[in-house]
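The values are calculated or read from the model by the stated rules, or taken from the named source; none is laboratory data. Source: prediction; values computed, not measured. Positions of Cβ are generated from backbone atoms using ideal geometry, with glycine treated the same way; all protein chains shown enter the neighbour counts. In case anyone asks, the SASA skips ligands and DNA or RNA and just uses the protein heavy atoms, side chains included. Shrake-Rupley method; radii C 1.70, N 1.55, O 1.52, S 1.80 Å.
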Amino acid sequence: MVATSAEPPAQFDAVIIGGGVNGTGIARDLSLRGAKVALFEKHDFGFGASGNSSGMIHGGPRYLEKDADVTRRSCIDSGYIQRIAPHLLFRIPFLLPARSPRRLFEYDTFFDAYDVFQPLKRGKRHTVLTRDEVRTLEPGLSDAIVGAVTFDEWGIDGARLCIANVVDAREHGASVANHHEVEAIVRGAGGAVRGVVVKDLVGGGRRTVTAPIVVNAGGAWGPKIAALTGLTVKMRPGKGIHLVLDRRIGNYAVSATAVDGRTIFAEPWQNVSLVGTTDDDYYGSLDDLRATVDEVQYLLQSMESVLPGIRQARIIGTTVGVRPTLYRYGVLEDDLSRDHVIYDHDRDGVPGLFSLVGGKLASYRELAEEASDAVAARSGNPTRCSTHLRPLPGGDREIDPRALAERFGIAEYAARRLVYRHGSRAERVLAPILSDPRLRATTCTCEPVLEAEVRWAVREEMAQSCEDVGRRTRLGLGPCGGMRCAAKCAQIVAQETGRSPAWARAEMTDFLAARFVARRPALDGDQVRQEELAIARHRLAGGLP
Amino acid sequence: MSVVIVGAGVAGAAAALAAQAAGARVLVASGPPGASALCAGAWDVAFDPKAVRGDRSDARPTIETAAQRLAALRRQHPYARLGLGAAREAHAAVLSRLGAYASIVWEAPLALVATDLGAVRTTATAQSSVLRLDSLPAGTRVAVVELAGYRELDALHVAQSLTDWATETRADLTFVPVEVDFLTRRSDALLAPHEIARMVEASDGVARLGAALSDARTRLPFGAALLPGVLGVADAATIVDRLRALAGVPVGEMLAGPGTPQGLRLHAAIEALLADIPQAPARVVGVDVERHRARAVRLEDGTVVAASAVVLATGRFLGGGLVKEGRVREPILDLPLYLDGRPATLVGAPFGADPTALFGQGVFDRHDALRLGVGWDDRLRPLGRDGAVAAANLFAAGDLLEGHDPTTDGSGLGVAATTGFWAGRWAAEARGA
């Protein structure tokens, strides 16, 4: 079929499939270059690996041995991310405990090499701590520890990073949508890409969106998306879980050797602690990921070797993500390369389609730049990348949380958390309070999250459900597991989106059910008491079946 | 020597009451509050197992009938095993002494109360501060009152939700949102419910709230007012009466969530009931059993107290009657756990008990974990390892018992009072030599 002159011009220069950090990063990059792009995400921005990682843009010291280039490029890009979104980063100092003086010496030597890369990401040089010094810093360490090496990483909220990218893209003309599933890739003459057919999963309805380029940034869903055109994209999807503990169990992240020799860690992260991670070839459903009892016990047993008290900690949830790891047969999951590849499917008979495989959170911007360069070249767009220079929304200047708290009459801690998530835009989030004081109220007490921010998440950040609000604000992801905030959040979302109380009740139940699924494989100790209370509360007051 | 009651929730209080009435010396040993202090203002005897969502609101069975149906359905339930006559006698004795609740008329239909989540449910009786929707005349317009700035309750949402209920069940009531001013300072919006309750109890609190309600009626007439559960803790009964007089219409609360004044009132009522009974404010960590009799209890501070009989009223997980640390166990005597009348086979992974065997996949499933408990004979004596009673003078009551699930049966406090009362009576009778 040959294109005729009666065919209308394409609506977009490119359609991007996937709202993780790569997809949103590409949408931003291209939009800043003046391209007209559309982005479709089946679930929510950051739903996949991007929102369920270890929450660090780490330089990957462990890749230093086999893949030094990955380490170097990660560190450089980490430096860029600090420049464009300083508000989203927080320092996480690490302790790498040693069980023998020889081990300590090995670590010391290794980190001499890693120190070379630290300036790229404004990290501090490593130090070596004696037994007494390390025990002063972290009294919970096992008696078998004789010393430790310290090194530095940066923590980040992956979901907020996705939101920042997608909001910036939208503000520069991109058309972005979550809860939209691409069902087909439309092809024209010579098999060339002409667009996509996309379904609105919330409102119903399908439409065709035309563009000569489609970027498959679906992460672990990538092979499924490529298969829409009959192509096979090989990947080794690697499932990774984390345990979420109810509080910061220490001021330092602590590394440990797991029972199978892998390296895992417990890290303080925002208001919780994360213990992770696992890495296993995964063959199951990507849309309904669950941690297993075995994975939970593996992490606890492994962490116990260094932090004997870890089993007394209260696990309030698990996070699960699947890495879109580069395919190689015959290699252990842990040893697979963390590099990325951009496939140009022109050579596979589908001109205009690109697929992304691999990558790390730390170097997402670089991967997005490469992909955008490929798209721009194909579109004949000469504009160069500027994502490393221009701040993400909220990253342009520093805000004083205390002044913000006084001006709007909110708690200082609430202001600090708000400034973390929104940077300089925190003022815009809070501004409605001046005309409607009710917005000052706290919807989620664990974090805390104010009603003003919940409404902002719906109005400005495309949240359509309690889960979406949770991804943007951490509502319901704290110790109460939604017991105190699910109902209120559902009511607010219902009001903001014009839905009924019956919808709000169903939404509340869905949110509680999803949080429960995440907690279930790790239920123990005090969390079982919390579960009993929360279930009784909602059964007896919620009019549930 | 005393009959030692372990636990001071409703079950423990009922046991203490009954043991004392039967002539025994009583000592109540208890750690921090458990489930009883986290209750809402309803006293549940039984939900009607035959109720279906959308049933007409006036199709409610009597309390007696609901309890009978529950007993017929759940053969291991205390109502089935002890009989409803036992439940009635226990309630008559306990409720009159607790004081915070209206007495139960078993031949009357279940009452209807609204919840702060915008639902309506049945209950046997409620604290006097709670508004009973079934007591309102047909055609009443009910104001759902939001204290301006206090966002624990979104009146618009709750009113809409209750209106849906009225439509579904053909109840002749309408619900409208009404906002009144009561909070005074900007920071009041951050107050917890019990702090708002203190504001209501303060010198001019009731006068201001009553005036606000009365004033609201002039702008939008209503025949009753539903408020959040903040109408005082200590003076709750008189506050509601005064508000009613000031507003000129029935005034009452919705059921509220855990940690709010309604639970605090029950806790205060229990404390009042136990005021003249000796108490040891310490957790019991062990019971010495010798020659098939409980001889003494060991407290966490090291004290050993001789006992003529012991009643375990320690609750389920919330109160600490059961704990899950890896495996699930009863921590005081390591009593074997039962489910549905039989020893529970708890699946254990090598490194700990499997929570996915204890909890279903759906958050509102009938989880085994929440129905587990100690097995018991027909005199409420827990069963030991060999299936026989652990000791002749050892008894158990309340959520610690297997055979009932407070979250689905709607019989939490009813079972606590019934089994607590009889465990206390029988413990007194067993105190012997």
* Asked: Somewhere in region A:125-148, is a residue within 24 Å of the chain's Cα centre (by Cα), part of a helix (DSSP H, G or I) and crowded, with 21+ Cβ neighbours inside 10 Å?
  -> no
* To do: For region A:263-276, enumerate the residues that are closer than 22 Å to A:GLY147 by Cβ and either small (Gly, Ala, Ser) or crowded, with 17+ Cβ neighbours inside 10 Å (or both).
  => A:ILE264, A:PHE265, A:ALA266, A:GLU267, A:PRO268
* To do: Within region B:346-365, identify whether any single residue is modelled with pLDDT of 95 or more, closer than 20 Å to B:ASP386 by Cβ and more than 9 Å from chain A (Cβ to nearest Cβ), and answer yes or no.
  => no
* Which ones in region B:60-74 are touching a residue at least 40 places away in the same chain (Cβ under 8 Å) and either touching a helix residue (DSSP H, G or I) at 6+ places or on another chain (Cβ under 8 Å) or open to solvent by less than 30 Å² (accessible area, probe 1.4 Å) (or both)? -> B:ARG60, B:PRO61, B:ILE63, B:GLU64, B:ALA66, B:ALA67, B:LEU70, B:ARG74
* To do: Could you please find all residues in region B:167-193 being open to solvent by 60 Å² or more (accessible area, probe 1.4 Å) and closer than 25 Å to B:HIS267 by Cβ?
  => B:LEU190
* Would you check if there is a residue in region A:493-505 being open to solvent by less than 20 Å² (accessible area, probe 1.4 Å), more than 9 Å from every other protein chain (Cβ to nearest Cβ), without any contact (Cβ under 8 Å) to a residue 60 or more places away in the chain and assigned to a helix (DSSP H, G or I)? => yes
* To do: Under 6 Å between Cβ atoms, at least 6 apart or on separate chains: pull out the pairs that start in region A:464-491 with a residue that is without any contact (Cβ under 8 Å) to a residue 24 or more places away in the chain and end on any residue that is open to solvent by 20 Å² or more (accessible area, probe 1.4 Å).
  => none
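Suppose we filter region A:461-476 for residues that are assigned to a loop (DSSP other than H, G, I, E, B) and surrounded by 24 or more Cβ atoms within 10 Å (Cβ to Cβ); how many remain? Show your work before the answer.
Taking region A:461-476 as the starting set, the residues that turn out to be assigned to a loop (DSSP other than H, G, I, E, B) are A:462-465, A:474-476.
Narrowing the set further to residues that are surrounded by 24 or more Cβ atoms within 10 Å (Cβ to Cβ) leaves A:463, A:475-476.
Total satisfying the criteria: 3.
Has region B:339-359 got at least one residue that is of a type in the set (Val, Ile, Thr) and either in contact with a Cys (Cβ under 9 Å, 6 or more places away or on another chain) or open to solvent by less than 10 Å² (accessible area, probe 1.4 Å) (or both)?
Within region B:339-359, none of the residues are of a type in the set (Val, Ile, Thr) and either in contact with a Cys (Cβ under 9 Å, 6 or more places away or on another chain) or open to solvent by less than 10 Å² (accessible area, probe 1.4 Å) (or both).
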* To do: Pull up region B:99-155, narrow it to residues that are basic (Lys, Arg) and farther than 21 Å from B:ASP181 by Cα, then point me to the one that is farthest from the other protein chains (Cβ to nearest Cβ).
  => B:ARG132
* Here are some residues: A:ARG390, A:ARG421. Which one is surrounded by fewer than 16 Cβ atoms within 10 Å (Cβ to Cβ), modelled with pLDDT of 95 or more and either closer than 21 Å to A:GLY470 by Cα or over 20 Å from the mean Cα position of the chain (by Cα) (or both)? -> A:ARG390
* The one condition in (1) closer than 16 Å to A:LEU477 by Cα; (2) more than 7 Å from chain B (Cβ to nearest Cβ); (3) open to solvent by 20 Å² or more (accessible area, probe 1.4 Å) that A:PHE511 fails to fulfil -> (3)
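Can you tell me which residue is farthest from the other protein chains (Cβ to nearest Cβ) among those in region A:296-325 that are in a helix (DSSP H, G or I) and open to solvent by 20 Å² or more (accessible area, probe 1.4 Å)? It would help to see each step written out before you state the result.
First, pick out the residues of region A:296-325 that are in a helix (DSSP H, G or I): A:296-304, A:308-312.
Filter again for open to solvent by 20 Å² or more (accessible area, probe 1.4 Å), leaving A:297-298, A:301, A:304, A:308-309, A:311-312.
On the way: A:GLN297: 5, A:TYR298: 9, A:GLN301: 6, A:GLU304: 10, A:PRO308: 15, A:GLY309: 13, A:ARG311: 8, A:GLN312: 9 Å.
The residue in question is A:PRO308.
Filter region B:385-433 for residues that are among the β-branched types (Val, Ile, Thr) and away from chain A (no Cβ under 14 Å); which is surrounded by the fewest Cβ atoms within 10 Å (Cβ to Cβ)?
Residues of region B:385-433 among the β-branched types (Val, Ile, Thr): B:389, B:407-408, B:415, B:418-419.
If we keep only those that are away from chain A (no Cβ under 14 Å) too, we end up with B:389, B:418-419.
Numbers: B:VAL389: 19, B:THR418: 30, B:THR419: 34.
Among those residues, the one meeting the criterion is B:VAL389.
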* Asked: How many residues, within region A:212-252, are of a type in the set (Gly, Ala, Ser) and either open to solvent by 40 Å² or more (accessible area, probe 1.4 Å) or within 16 Å of A:VAL275 (Cβ to Cβ) (or both)?
  -> 4
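Any residue in region B:305-315 that is closer than 30 Å to A:ARG515 by Cβ and either open to solvent by 20 Å² or more (accessible area, probe 1.4 Å) or within 14 Å of chain A (Cβ to nearest Cβ) (or both)?
Just the residues of region B:305-315 that are closer than 30 Å to A:ARG515 by Cβ, to begin with: B:314-315.
Checking the rest, the ones that are also either open to solvent by 20 Å² or more (accessible area, probe 1.4 Å) or within 14 Å of chain A (Cβ to nearest Cβ) (or both) come to B:314-315.
Looking for residues that are closer than 30 Å to A:ARG515 by Cβ and either open to solvent by 20 Å² or more (accessible area, probe 1.4 Å) or within 14 Å of chain A (Cβ to nearest Cβ) (or both), one finds at least one in region B:305-315, hence yes.
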* Structure fact -> Only unsatisfied item for A:ILE249, checking (1) within 13 Å of chain B (Cβ to nearest Cβ); (2) assigned to a loop (DSSP other than H, G, I, E, B), is (1)
* **Selection from region B:1-16 of residues that are open to solvent by 10 Å² or more (accessible area, probe 1.4 Å) and either free of Cβ contacts under 8 Å to residues at least 24 places away in the same chain or under 16 Å from B:SER308 (Cα atoms) (or both)** => B:MET1, B:SER2
* To do: Please verify whether region B:374-384 includes one or more residues that are out of contact with any Ser or Thr (no Cβ under 8 Å at 6 or more places or on another chain), farther than 30 Å from B:LEU110 by Cα, free of Cβ contacts under 8 Å to residues at least 24 places away in the same chain and within 9 Å of another protein chain (Cβ to nearest Cβ).
  => no
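How many of the residues in region A:426-449 are of a type in the set (D, E, K, R) and crowded, with 19+ Cβ neighbours inside 10 Å? Step through it out loud before you land on a result.
Taking region A:426-449 first, the residues of a type in the set (D, E, K, R) are A:427-428, A:436, A:438, A:440, A:447.
Then drop every residue that is not crowded, with 19+ Cβ neighbours inside 10 Å, which leaves A:440, A:447.
Of the residues in that region, 2 qualify.
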* What is the number of the single condition among (1) surrounded by 17 or more Cβ atoms within 10 Å (Cβ to Cβ); (2) in a strand (DSSP E or B) that A:LEU161 does not meet? -> (2)
